[in-house]
Protein chains: 2
Amino acid sequence: MSIERYDIVIIGAGPVGLLLSTCLARWGYKIKHIDMRPVPTVTGRADGIQPRSLDLLRNMGLKRAIMANEPAKVYEVAFWDPAENSKGIHRTGTWASCPKFIDARYPFTTLLHQGLIERVFISDLEQNGVKIQRPWRITGFSSDGVDKHYPVEVSIAHVDGDEQETVRAKYLFSGEGARSFVREQLGVGITHKDPIAHVWGVMDGVVRTNFPDIKMKCTIHSDAGSIMVIPREANMVRLYIQVASSTDADWNPRKTATTEQVQEAAKKILAPYWIEWDRVEWYSVYPIGQGIADRYTLDERVFMGGDCCHTHSPKAGQGMNTAFLDAQNLAWKIHHVESGFADRSILKSYEGERKLIAESLLNFDSQYAKLFSQRQPPAGEVGHASKHATGDEQVEENEFIKMFKASCEFTSGYGVAYDENIFNWSDSHPAKSSLFLSEKAGSTTQRPGRILSPATVTRVADANVVHLEQEIPLNGSYRIYLFAGKPSVTKKAVDDFAANLKKKGSFFSSYTRPDADQISYHERHNPHSLFFTINTIFNAPRPDIEVRALLPELLARYFDHVYADDIWDQRVPNAKAAAHAKMGLSEEEGGVVIVRPDGYVGCAVKLVEGSGTVDALNEYFASFCTKSFGGGDRAQL
Amino acid sequence: MSIERYDIVIIGAGPVGLLLSTCLARWGYKIKHIDMRPVPTVTGRADGIQPRSLDLLRNMGLKRAIMANEPAKVYEVAFWDPAENSKGIHRTGTWASCPKFIDARYPFTTLLHQGLIERVFISDLEQNGVKIQRPWRITGFSSDGVDKHYPVEVSIAHVDGDEQETVRAKYLFSGEGARSFVREQLGVGITHKDPIAHVWGVMDGVVRTNFPDIKMKCTIHSDAGSIMVIPREANMVRLYIQVASSTDADWNPRKTATTEQVQEAAKKILAPYWIEWDRVEWYSVYPIGQGIADRYTLDERVFMGGDCCHTHSPKAGQGMNTAFLDAQNLAWKIHHVESGFADRSILKSYEGERKLIAESLLNFDSQYAKLFSQRQPPAGEVGHASKHATGDEQVEENEFIKMFKASCEFTSGYGVAYDENIFNWSDSHPAKSSLFLSEKAGSTTQRPGRILSPATVTRVADANVVHLEQEIPLNGSYRIYLFAGKPSVTKKAVDDFAANLKKKGSFFSSYTRPDADQISYHERHNPHSLFFTINTIFNAPRPDIEVRALLPELLARYFDHVYADDIWDQRVPNAKAAAHAKMGLSEEEGGVVIVRPDGYVGCAVKLVEGSGTVDALNEYFASFCTKSFGGGDRAQL
């Protein structure tokens, strides 16, 4: 009997495993996905969905189904401290959850039961033929290379019985959570950034109270202890309460507390306000150890992600978001290697990019924990924070406000910045063309390794007002944004750009679809290549843009991806072409921005007449693609 | 055997019947709902959902489910005319579907297969225990009054067999469509506003074409004939083509055309562009007769609405929208009568308000039809229209542009204005207080009988940025908007307002809930009365609003309906309190706006110290409520 072969075996159907599975299933990979739990998460485990994650979920077409559950939305955080007369607590300030200086499309945190989020992914997976095998667990694996194409052997078994299977796969992914069989077998250690451990109580329920901020996120410090309040869907509220800390004199990691004890503590902390519970949906006490895995993979065949690689306190609501971005980062890289587009070495950048983020997260978490443990600053200081909620940045800032402000960018997900590497262009990148634009030189605001700035434009084909950053779904394609400036100014540069893309041996023409002659008229995103979609944005009013007259055939083929940069934007009120202006590009001459499949900027290049622009991009892509580019004759696409 | 009794029997499960049924089911009425068709609409019959209807669907909590079907959105209309050299067609201009001078939350028309819309309603009905009985038809009825409480006897039967039922009801509603058994039995005539009849061909399908505006709404006139193009969901396009008109020399109402003939005609009209069909989803040829029912009801027990009362051409996409608003108008009036809040005489206003709208619609339709039949104005004229798409109103206007502009307001649904009557205050209203505000006097911009202006505010309880006009769902309650100006200025006026609401014999305290002592802590909208919800909007930054400190107990009970008017609005860029400014109220002193349960303004009153404001409202409500108000002592709510 021949052994069953899969592209990937995924262990664990939490956020990281589900997002990875969903991407790869959509892109046609054969997946074995197992989870130890008989059913998806039933209660508890509500994480916040951060603004950046909402962008991602929308880009995957899943946001609407998630929002249909009517999650709570957190726009502001309130700080409560002991009142000066020592009688109870008072509010010392508030701060926007995602302040205006962060250019977020959805400037709020979304709170929803994790099980409801999992269900949205599971339903999408089922549409793509993947059914999660439950309750099954992994019992062994080896990256033995016996089969060159399917080098990993994985053994799995039913949790309750002796039913078992052995399969071979190209990849094995562990999204098992903090207790990972795979990580243990690999012998990968955990480094504890912050040696302080905590025991937390968490309680979800429906309450009655006269505490005015019960529907906001609050950190409450009182002489009777501290609490964090997080609103939830369905009129629920979550309370986090610290039960014990390793800094306590009587530290005991097994210390616990009953529901009633936590409720009594909450009543004392909230005084002079009263609070009563209608019902408790879920209650748990658990120890939190902060830690980060030393490696995310040893051989770029067996990978890990999510809680398996980084654990920390739940207070900043980062767990699910980091898991999502781990999975998204790995998904397109596996896809690009397996589809022959990129060199296998790019898989090293998964650990390179994501471990750095986890380290920032843990550093942040330890700062945040300290902040939460310390007495909050006096009213005068945080009063500024309150004024800042409107985005007014004129007020003098103290250290606390600066730290909190930096935190906002990080917790919103927009602070995530990948370091320079083969994907994220910098002066040290192998591509050396003088046409690369950089923030340092002031020639663009878009920074490689950062998310593309959001911009609202008018789609020429149907005059719909659209979010430019969302126009290409998460489909594994690089996104080529041709900011084409004024048509009268850039006509030749645009024609030359197309002609050079079309040339044999360009990065673009080297990866045309094998089925190029059978592409449907209705193919909108990938008429030429599965790895590129081109957006063209003109600085012109929509009715003046005649796509087939202004654009050469190659670019006009992306008819549904031509836009008019004619929507006024409050952030660049004096710009005539707001999208160009937000990108920091010339409104007359434009420029080209290359965005990775995950929405992060790769590089930006000047739009010039001649072959320079495409030459620069040939250099950029040559640094990680399987072919080398440049030279050669014109080819037919 | 005793006869089964219902609050209402509804015939027909098209848009008008479904919306009526959905409202009444939610409000607890017992409904018998039948439809002649064995299943909901399968193909064809796609109507546009206009901006105003999207507001309504969102207010009912149904918009998300409808948008999940990814309808097409029309933001602009393009006009195509014969080219001057007589070689084919050229675009002479474009116009915003819902231009900026209309303050619409959703400034586009949504195009979706009617069956998908019906399914959203049907699913909601099922959640409320109403299942549509199919395929059943009405066979007879009489408003015999034999049973005082259930005066109407209705006989229904299975379409195919001899199974039949006779039931009694308080009301009978016909949403049967143009061929109405009920209307015929009542002997209600149809008046034809425009004697010209038409035969139309309509074809839905997936096409390939180089016609650039295929994803926009277009009116195309060529020497080879005329076509209207409407984009649809799922990459489809609808073509309307006039097959015959009673103004033709060889007029024959039975004239028809095959699919191929219509496709051939379309090819000729679109030349020099080419068009080919991948598939045709639906094709039909049908005669359109314009007409309006002389009465909508004879006895305020048997009512009619939707196509049963008004038929016209489908070109302006008004059918479903008018049907929705017919049903919404009737629903809350029946509810207010049956729940003992309002006098039975208010039911007369259903015909009074809705027939006027249908007459406007038919007048518009006949103008529109003429416009469509006539040669379009030369390029110079419509060139202005194109410039107007951005809302710039400085350009000189010709008659055609003026008509089209007026049409935009009407077709968007915002042109709907109900005449002055007991609900829509005017100088001739029985309520004579000098405190009523009016547009004429410049003391408010809100006009009775018009929809409340949209406004974005911050909800104090959770700091969420919300759409004020959507904060109260369509639940049968009047919406009391207390624009409370600056807290320091209005403190006494607000206290007095609450004290006078609370007084025995006020319009508010006269209709407290019978279960007032058992109201849940979590009741957000109707803690005191099922007929009123109060919103309070302060001109103050959100963190400065301490609800329980600023508001007396009665108003503070609407804790989730207190808002900060602190969001900047492009339409009133210099206002400090944009919502106050948009309502045309003093930003310092505020004012009270009473909005009917359907979102239309009833009246606006100055906010003053003393009893004047509530006195004025007592007068207003006394004109149609079952009780008389004013005087008496303080009552406990």
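Okay, here's what the table says:
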item: Verdict on residue B:53 being in contact with a helix residue (DSSP H, G or I) (Cβ under 6 Å, 6 or more places away or on another chain), modelled with pLDDT of 95 or more and among the small types (Gly, Ala, Ser); result: yes
item: Check on residue B:524, open to solvent by 10 Å² or more (accessible area, probe 1.4 Å), within 14 Å of another protein chain (Cβ to nearest Cβ) and either under 19 Å from residue B:611 (Cβ atoms) or in contact with a Lys or Arg (Cβ under 7 Å, 6 or more places away or on another chain) (or both); result: no
item: In the stretch B:215-249, the residues that are without any contact (Cβ under 8 Å) to a residue 40 or more places away in the chain and within 14 Å of chain A (Cβ to nearest Cβ); result: B:229, B:235, B:237
item: Pairs where the first residue, in the stretch A:319-338, is free of Cβ contacts under 8 Å to residues at least 12 places away in the same chain and among the hydrophobic types (A, V, I, L, M, F, W, C) and the second is in a helix (DSSP H, G or I) and open to solvent by 10 Å² or more (accessible area, probe 1.4 Å), C-beta under 8 Å, 6+ apart; result: A:337/A:344
item: Filtered residues of the stretch B:71-99 (kept if out of contact with any Lys or Arg (no Cβ under 9 Å at 6 or more places or on another chain) and more than 9 Å from chain A (Cβ to nearest Cβ)); result: B:83, B:84, B:85, B:86, B:87, B:88, B:89, B:90, B:92, B:98
item: Residues being in contact with a strand residue (DSSP E or B) (Cβ under 6 Å, 6 or more places away or on another chain) and crowded, with 18+ Cβ neighbours inside 10 Å - total across the stretch B:26-45; result: 5
item: Odd one out for residue A:543 among (1) surrounded by 23 or more Cβ atoms within 10 Å (Cβ to Cβ); (2) modelled with pLDDT of 95 or more; result: (2)
item: Among (1) closer than 29 Å to residue B:410 by Cβ; (2) buried (at least 20 other Cβ atoms within 10 Å of the Cβ); (3) in contact with a helix residue (DSSP H, G or I) (Cβ under 8 Å, 6 or more places away or on another chain), the one test that residue B:479 misses; result: (3)
item: Residue in the stretch A:141-158 that is modelled with pLDDT of 95 or more and touching a helix residue (DSSP H, G or I) at 6+ places or on another chain (Cβ under 8 Å) present; result: yes
item: Residue, farthest from residue B:592 (Cα to Cα), within the stretch B:552-570, restricted to residues that are among the aliphatic types (A, V, I, L, M) and in contact (Cβ under 8 Å) with a residue 40 or more places away in the chain; result: B:567
item: Positions within the stretch A:437-464 being within 16 Å of residue A:586 (Cα to Cα) and either hydroxyl-bearing (Ser, Thr, Tyr) or within 14 Å of chain B (Cβ to nearest Cβ) (or both), in sequence order; result: A:438, A:443, A:444, A:445, A:453
item: Matching strands (runs of 3 or more DSSP E) fully within the stretch A:164-242 where at least 3 residues are within 26 Å of the chain's Cα centre (by Cα) and surrounded by 16 or more Cβ atoms within 10 Å (Cβ to Cβ); result: A:164-174, A:217-222, A:225-231
item: Residue list for the stretch A:264-302, restricted to those being in contact with a Lys or Arg (Cβ under 7 Å, 6 or more places away or on another chain) and acidic (Asp, Glu); result: A:276, A:278, A:300
item: The stretch A:78-105, residues that are assigned to a loop (DSSP other than H, G, I, E, B), touching a Gly at 6+ places or on another chain (Cβ under 8 Å) and open to solvent by 10 Å² or more (accessible area, probe 1.4 Å); result: A:100, A:101
item: Residue count, the stretch A:31-67 (criterion: of a type in the set (Gly, Ala, Ser) and over 20 Å from residue A:128 (Cβ atoms)); result: 4
item: Residue in the stretch A:63-77 that is farther than 23 Å from residue B:64 by Cβ and surrounded by fewer than 20 Cβ atoms within 10 Å (Cβ to Cβ) present; result: no
item: Qualifying positions in the stretch B:279-313 - closer than 17 Å to residue B:21 by Cα and open to solvent by 50 Å² or more (accessible area, probe 1.4 Å); result: B:307
item: Answer residue from the stretch A:187-214, given it is farther than 18 Å from residue A:307 by Cα and small (Gly, Ala, Ser) and is nearest to the other protein chains (Cβ to nearest Cβ) among those; result: A:205
item: Given (1) without any contact (Cβ under 8 Å) to a residue 40 or more places away in the chain; (2) buried (at least 19 other Cβ atoms within 10 Å of the Cβ); (3) touching a helix residue (DSSP H, G or I) at 6+ places or on another chain (Cβ under 9 Å), index of the condition residue A:574 fails; result: (2)
item: Hits in the stretch A:243-290 - residues which are among the β-branched types (Val, Ile, Thr) and over 33 Å from the mean Cα position of the chain (by Cα); result: A:247, A:256, A:258, A:259, A:262, A:269, A:275
item: Criterion violated by residue B:248 - all others in (1) in contact with a Lys or Arg (Cβ under 9 Å, 6 or more places away or on another chain); (2) open to solvent by 50 Å² or more (accessible area, probe 1.4 Å); (3) in a loop (DSSP other than H, G, I, E, B); (4) closer than 25 Å to residue B:111 by Cβ satisfied; result: (4)
item: Test result for residue A:519, open to solvent by 30 Å² or more (accessible area, probe 1.4 Å) and within 13 Å of chain B (Cβ to nearest Cβ); result: yes
item: Residue, nearest to residue B:113 (Cα to Cα), within the stretch B:339-348, restricted to residues that are surrounded by fewer than 21 Cβ atoms within 10 Å (Cβ to Cβ) and in contact (Cβ under 8 Å) with a residue 60 or more places away in the chain; result: B:339
item: Qualifying residue in the stretch B:131-139 (condition: open to solvent by less than 20 Å² (accessible area, probe 1.4 Å), touching a Phe, Trp or Tyr at 6+ places or on another chain (Cβ under 9 Å), outside any loop (DSSP other than H, G, I, E, B) and at pLDDT 95 or above); result: yes
item: Candidate set from the stretch A:274-298 (those that are hydrophobic (A, V, I, L, M, F, W, C) and outside any strand (DSSP E or B)); member that is farthest from residue A:347 (Cα to Cα); result: A:274
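The values are calculated or read from the model by the stated rules, or taken from the named source; none is laboratory data. Please read all numbers here as calculations on a predicted model, not as lab measurements. When we count neighbours, we look across all protein chains shown, and the Cβ atoms used for this are built from the backbone with ideal geometry, even at glycine. Quick note on the areas: whole protein, heavy atoms, side chains included, nothing else; ligands and nucleic acids left out. Shrake-Rupley method; radii C 1.70, N 1.55, O 1.52, S 1.80 Å.
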